[in-house]
1. Determine, yes or no, whether residue 72 is without any contact (Cβ under 8 Å) to a residue 12 or more places away in the chain and surrounded by 12 or more Cβ atoms within 10 Å (Cβ to Cβ).
2. Give the residues of the stretch 92-102 that are part of a helix (DSSP H, G or I) and either over 18 Å from residue 59 (Cα atoms) or of a type in the set (Lys, Arg) (or both), sorted by residue number.
3. Every residue in the stretch 65-91 that is in a loop (DSSP other than H, G, I, E, B) and closer than 19 Å to residue 45 by Cα, please.
4. Of all residues in the stretch 25-61, which are at pLDDT below 95, in a helix (DSSP H, G or I) and over 20 Å from residue 87 (Cα atoms)?
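The values are calculated or read from the model by the stated rules, or taken from the named source; none is laboratory data. None of these values were measured; they are calculated from a predicted model. Using ideal geometry, Cβ is built from the backbone for each residue, glycine included, and neighbour counts are taken over all protein chains shown.
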Amino acid sequence: MTAREGRGSLLKCYFKGDYDRAVELVKAARSRWRVPKRTDTVAKAVGRRIRLLRMARQWSQERLADEAGMHRTYMWGIEQGVRNPSLRHLARLADALDVTIASLFEGL
């Protein structure tokens, strides 16, 4: 939805029955309004920190996942910042890496 089209265009499309165009306008507007969430930034930073600690031990993701009792693909997701690990998972990772949970958040 451009500034020129505005909300009026959306309503016109909707009431004319052109629902596909109305949906397009809403999706276009949402994509421009999205602001990165702080949780996304934190998840990526924690993932980078875990990866750094893992690589310092010269462990593979698979080995860390095994040591922490989780699946290797979940471990990949944590390191990439696409997974939001629970406190339980963070505690398992900290134990496996022999660090404190707080150290996983260093540098944030």
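1. When the stated conditions are applied, residue 72 passes them.
2. Those that are part of a helix (DSSP H, G or I) and either over 18 Å from residue 59 (Cα atoms) or of a type in the set (Lys, Arg) (or both): 92, 102.
3. Listed by number, the residues that qualify are 81, 82, 83, 84, 85, 86.
4. 25, 26, 27, 28, 29, 30, 31, 32, 33
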